[in-house]
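Student: Can you read through this structure? Questions will come right after.
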Amino acid sequence: MKMTPQITLKNVPHSEAVEAKIREKIVKLDQFSDRIMGCRVTVEESQRKQHQGKVFSVRIDITVPGKELVVNRIENEDLYVAIRDAFNAAGRKLQDHARRRRGKVKLHEPQPVARIASLLPMEDHGFLLTPDGREVYFHRNSVLAPGFDRLEIGHEVYFAEELGDKGPQASTVRLAGR
């Protein structure tokens, strides 16, 4: 970290142990990113009428080049649990930020499209015809709303394919355009 972290305790009695725990967690954030320029941690104790005791909330502001990452109001009745949860969330935010910066964001592949080739309602299954000419089995239970009974031969569907006991099968079938 390039700057000294700021720790603010509001309505929380000063405690070297609490500050030491926060500083320890701040040092661990450096393993997620070497580009952290600053970190501000605010711990606040508030009284809630619906709770029996006090609630601690933790806010963490992390400055990285071109962006401020904020973990806002992680709350718990146990101060150390609130601190742990807030820093876990901060670590995930730093990891996500680093992935986006490197361009390693997970992209979801588009779901494959097929057409209903045949329906066998008495046997509770049917077959899809994929664009590459393969037939894929599907069972009534794999069809999402509006359901198997509303399917017709020729309908375009999205599907998720997996390998079944007797070959390829659709684990999920959903009408296209829904």
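The values are calculated or read from the model by the stated rules, or taken from the named source; none is laboratory data. Note that the structure is a prediction, hence the values are computed from the model and not measured. Glycine gets a Cβ as well: all are built from the backbone with ideal geometry, and neighbour counts include every protein chain shown. These area figures cover heavy atoms from the full protein model, side chains too; ligands, DNA and RNA do not enter into them. Shrake-Rupley method; radii C 1.70, N 1.55, O 1.52, S 1.80 Å.
Student: In the set Arg115, Arg23, Arg40, which member is out of contact with any Lys or Arg (no Cβ under 6 Å at 6 or more places or on another chain), basic (Lys, Arg) and under 30 Å from Ala170 (Cβ atoms)?
Tutor: Arg115
Student: Anything in the stretch 92-140 that is open to solvent by 70 Å² or more (accessible area, probe 1.4 Å) and β-branched (Val, Ile, Thr)? List them, or say none.
Tutor: Hit for the stretch 92-140 is Val105, nothing else.
Student: Do we have Val143 as in contact (Cβ under 8 Å) with a residue 60 or more places away in the chain and either within 12 Å of Leu175 (Cα to Cα) or open to solvent by less than 50 Å² (accessible area, probe 1.4 Å) (or both) here?
Tutor: No; evaluated as a whole, the condition is false for this residue.
Student: Checking His14 against (1) outside any helix (DSSP H, G or I); (2) under 27 Å from Arg102 (Cβ atoms); (3) not hydroxyl-bearing (Ser, Thr, Tyr): exactly one of these is not met. Which one?
Tutor: Only one criterion is unmet by His14, namely (2).
Student: For the stretch 60-100, enumerate the residues that are without any contact (Cβ under 8 Å) to a residue 40 or more places away in the chain, among the basic types (Lys, Arg) and in a helix (DSSP H, G or I).
Tutor: Correct list: Arg92, Lys93, Arg99, Arg100.
Student: Condition first: within 31 Å of the chain's Cα centre (by Cα) and exposed (fewer than 11 other Cβ atoms within 10 Å of the Cβ). Now tell me which residues in the stretch 163-178 satisfy that.
Tutor: Within the stretch 163-178, Leu163, Gly177, Arg178 qualify.
Student: Those residues that are in contact with a helix residue (DSSP H, G or I) (Cβ under 7 Å, 6 or more places away or on another chain), of a type outside the set (A, V, I, L, M, F, W, C) and either exposed (fewer than 11 other Cβ atoms within 10 Å of the Cβ) or outside any helix (DSSP H, G or I) (or both), I need them from the stretch 17-48; list them, please.
Tutor: The one that is in contact with a helix residue (DSSP H, G or I) (Cβ under 7 Å, 6 or more places away or on another chain), of a type outside the set (A, V, I, L, M, F, W, C) and either exposed (fewer than 11 other Cβ atoms within 10 Å of the Cβ) or outside any helix (DSSP H, G or I) (or both): Ser33.
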